[in-house]
Amino acid sequence: MTTRAALFDAAFGERPDLWPLPAATGAPQRWWRAVAAGGQGRYAVALAELDTLHRSADATLRSLSMSTRASFLRQLGGHRAAAAWDGRALAAAGAEAAASADALIGLAADALGVGRFAASARLLDRAVGPVDDADDARLPIRLDWVSAELAMMRGDGARAVAHAERAVAAAAAATSARHRLKSDVVLAAALCCHGDLDKSRKIGDAALDRAGELGLVPLRWALASLLADIGSAAYTPGQVSDFRDASADTVRRRGGVWSDR
């Protein structure tokens, strides 16, 4: 397999567990390498690639790199810092549909994380057009993720499940194992919001195991955090806590800095 194919497969294909990642050649490969490393919680590696992209890439890749940095900050709890990067990403995107959609969806997630629900909804509405215009299978999935999360925050479990199930269906037809797993994470959370705890636990337990197999440490932390709240059908509370704490420690060792803002 060529370096180009390997990096794309690690970022948006069936090998999100690939490590070590081959060295990138050129700006697109640097973005793929950053995405893949971030998915594994290797934030120091990912941010080094993004730093280079900020200096040297064309406008679209600069925008995508800033949206990616924002997503890492959100994963670590830094929604306000993420919003600044997503705002820069939107400005850099210009008329490019995919980059604009990424930035708008990111801004919607940032607003959601600080309790600005109406602003989040408006940004999601703005993202629909660019998502439709872009030729990028991941964007409708991301749009449904954040739409489901907004519904959960508003206490609308039925709407949350509908969006999450749509994301799962779209991800099943896509190439990305990471997007399929994240869609299951969102569905497990939505089912919890809707009061279907047994189904939430079943999906969450299976996704927890899959996250471990794929080396997707941030998603494993998110799943263990959910299961610590609702209980697991497969693991004891102590085991779930150990999974959560070990994942958080791994993220720290790999350059992630947790934030509560």
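Tabulated data for the structure shown
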item	result
Of the criteria (1) surrounded by fewer than 24 Cβ atoms within 10 Å (Cβ to Cβ); (2) in contact (Cβ under 8 Å) with a residue 24 or more places away in the chain; (3) closer than 22 Å to residue 110 by Cβ, which one residue 225 fails	(2)
Counted residues, the stretch 25-42 - those being crowded, with 20+ Cβ neighbours inside 10 Å and either touching a Leu at 6+ places or on another chain (Cβ under 8 Å) or not in a helix (DSSP H, G or I) (or both)	12
Options 177, 108, 173; residue that is out of contact with any His (no Cβ under 6 Å at 6 or more places or on another chain), within 22 Å of residue 88 (Cβ to Cβ) and either surrounded by 22 or more Cβ atoms within 10 Å (Cβ to Cβ) or among the hydrophobic types (A, V, I, L, M, F, W, C) (or both)	108
Odd one out for residue 9 among (1) crowded, with 19+ Cβ neighbours inside 10 Å; (2) in contact (Cβ under 8 Å) with a residue 24 or more places away in the chain	(2)
Looking only at the stretch 12-24, and only at residues there that are closer than 17 Å to residue 210 by Cα and in contact with an Asp or Glu (Cβ under 9 Å, 6 or more places away or on another chain), the one that is surrounded by the most Cβ atoms within 10 Å (Cβ to Cβ)	16
Number of the condition not met by residue 232 [criteria: (1) in a helix (DSSP H, G or I); (2) free of Cβ contacts under 8 Å to residues at least 60 places away in the same chain]	(1)
Evaluation of residue 149 against (1) under 21 Å from residue 229 (Cα atoms); (2) charged (D, E, K, R); (3) without any contact (Cβ under 8 Å) to a residue 40 or more places away in the chain (one fails), failing number	(3)
Residue count for the stretch 43-64, restricted to those that are buried (at least 23 other Cβ atoms within 10 Å of the Cβ) and either within 14 Å of the chain's Cα centre (by Cα) or within 16 Å of residue 215 (Cβ to Cβ) (or both)	3
Cβ-Cβ under 8 Å pairs, at least 6 apart or on other chains, the stretch 98-121 side free of Cβ contacts under 8 Å to residues at least 12 places away in the same chain, far side surrounded by fewer than 17 Cβ atoms within 10 Å (Cβ to Cβ) and basic (Lys, Arg)	none
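No value in this document is a laboratory result; all are computed from the given coordinates. Here the structure is a predicted model, which is why all the values come from computation and not from measurement. Don't worry about glycine lacking a Cβ; one is built from the backbone with ideal geometry, like all the others, and counts go over all protein chains shown.
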